[in-house]
Amino acid sequence: MKPTAPRHAPWDVHRLPPAEGTSVLVTGGNAGIGYFVAEQLAGTGATVILGSRDPVKAETAAGSIRARVPGASVRHVRLDLADLSSLEHSVRALDLSRLDAVVHNAGVALDDPPRLTTKDGHELMFGTNHLGHLALTRWLAPLLVAAPAARVVTVGSFAAKTERLDLADLQSREDYRPKRTYGRSKLAQMYVGLELARRLGALGSSVASVVVHPGGALDSLTPARPPVHERTPAERLRGGPAALVLQGKHAGAWPAVRAVLDPRVGSGELWGPRVFGLRGRPHREAVWSHLSDTEVAAQLWDRSCELIDIDPDFWRAA
Ligand SMILES: NC(=O)c1ccc[n+]([C@@H]2O[C@H](COP(=O)([O-])OP(=O)(O)OC[C@H]3O[C@@H](n4cnc5c(N)ncnc54)[C@H](OP(=O)(O)O)[C@@H]3O)[C@@H](O)[C@H]2O)c1
């Protein structure tokens, strides 16, 4: 994004710099953290496109944003990350000549077996969260290159901090444990976000890749946005004690929003909430030691590109 924020003022999540004239795609912008990323970015004057697999939910979310943000420029495109063959069409449907940022936010997290798969036969969480976003990046590359200083913002997870990838069983075929598979899918996303930053840097690209995570963001601590998100007084009460360590999804959105807008956020950086990485204002974290393993990242990049049948050097051609 064009640098619009004052370089020395502290970042204020409630007073964002203007971003008129820019366009941002938010995957999974119809609900949860993605909804709040979209709402907050719409308040800056950016045109926000909600990438959603459900047009009705997406229009409801867009309506909620328009009702809260006077003059908001918000629309949606159909986007199903679990159907790789649909992604090229989704990118064409954006009908843009350039894209200033994409927030890879959409995610699926399963708690229980059985192991499910995407339309393409990939394990559902790895296939949607990681492979779907990588494939989307490939189709978006020409639009991102066409912007003056575009950003790819990958939403990872604290859950990835304690996980390690199994490069021999990336898709949990041998040993499927849903929570671990989810954590690994987020870890894979984070590795690839950082690998992308290295590849873009090596090409001298104007595009930046930033990895963020939202901390722990609960619906019960999230302000209501009816009919997108309802919160009963009982839920509010139940959420109270959790607020000591966790936060709502509106606050979970802050690191991604800052990564889109703040010129002080650089390619290859990791941003998350300030308090124990779980809640609070966005701040830069040291890249976790296992995430700094460039050998693993490079292998994952190549294998992932192979799995989705794209050229690992797709940025060169963009
Ligand atoms: N909440 C947390 O504490 C937390 C912590 C760490 C990381 N994260 C990460 O933050 C991101 C957002 O989490 P959240 O809590 O806001 O989740 P959420 O409320 O469950 O929202 C997930 C979003 O992803 C969309 N989605 C799921 N599968 C999709 C697909 N195949 N194609 C397109 N969109 C799809 C959902 O669409 P539908 O409405 O159609 O289902 C929804 O919009 C995720 O990447 C998650 O891994 C969250």
- prompt: Taking region 109-149, which residues are in contact with a strand residue (DSSP E or B) (Cβ under 9 Å, 6 or more places away or on another chain), surrounded by 18 or more Cβ atoms within 10 Å (Cβ to Cβ) and of a type outside the set (A, V, I, L, M, F, W, C)?
  reply: E123, G127, N129, G132, H133, T137
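Quick grid of which residues meet (1) free of Cβ contacts under 8 Å to residues at least 40 places away in the same chain; (2) aromatic (F, W, Y):
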site	(1), (2)
R236	yes, no
P241	yes, no
G248	yes, no
W254	no, yes
V257	no, no
V260	no, no
G266	no, no
G272	no, no
message: For region 215-249, give me the residue count where each residue is in contact with a Ser or Thr (Cβ under 8 Å, 6 or more places away or on another chain) and buried (at least 21 other Cβ atoms within 10 Å of the Cβ).
response: 3
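Among the residues of region 54-108, which ones are part of a loop (DSSP other than H, G, I, E, B), crowded, with 16+ Cβ neighbours inside 10 Å and within 15 Å of the ligand (Cβ to nearest atom)?
Matches in region 54-108: L79, D80, L81, A82, D83, L94, N105, A106, G107, V108.
Of the residues D262, D219, only one is within 13 Å of the ligand (Cβ to nearest atom), out of contact with any Cys (no Cβ under 8 Å at 6 or more places or on another chain) and of a type in the set (D, E); which? Can you show your working first?
On the way: D262 fails: within 13 Å of the ligand (Cβ to nearest atom).
It is D219.
So that you can scan it fast, the table gives a plain yes or no per residue for (1) of a type outside the set (S, T, N, Q); (2) away from the ligand (no atom under 16 Å from the Cβ); (3) within 26 Å of R279 (Cα to Cα):
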{"position": "F158", "(1), (2), (3)": "yes, no, yes"}
{"position": "L167", "(1), (2), (3)": "yes, yes, no"}
{"position": "T181", "(1), (2), (3)": "no, no, yes"}
{"position": "M190", "(1), (2), (3)": "yes, no, yes"}
{"position": "G193", "(1), (2), (3)": "yes, no, yes"}
{"position": "A197", "(1), (2), (3)": "yes, yes, yes"}
{"position": "L203", "(1), (2), (3)": "yes, yes, no"}
query: Is there a residue in region 177-188 that is in contact with a Leu (Cβ under 7 Å, 6 or more places away or on another chain) and either of a type in the set (G, A, S) or closer than 21 Å to D309 by Cβ (or both)?
result: yes
query: Quick one: what pairs do we get from region 97-109, first residue farther than 12 Å from D80 by Cα and touching a residue at least 24 places away in the same chain (Cβ under 8 Å), second more than 9 Å from the ligand (Cβ to nearest atom) and among the charged types (D, E, K, R), C-beta under 7 Å, 6+ apart or different chains?
result: A101/R151
message: So for region 133-151 (the condition being under 19 Å from V296 (Cα atoms), within 16 Å of the ligand (Cβ to nearest atom) and β-branched (V, I, T)), does at least one residue qualify?
response: no
field: Which listed residue, of R274, R303, R258, is within 17 Å of V152 (Cβ to Cβ) and among the charged types (D, E, K, R)
entry: R258
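Every number here is computed from the coordinates shown, using simple stated rules; none is lab data. On a predicted model such as this, the values are computed, not experimentally measured, just so you know. Using ideal geometry, Cβ is built from the backbone for each residue, glycine included, and neighbour counts are taken over all protein chains shown.
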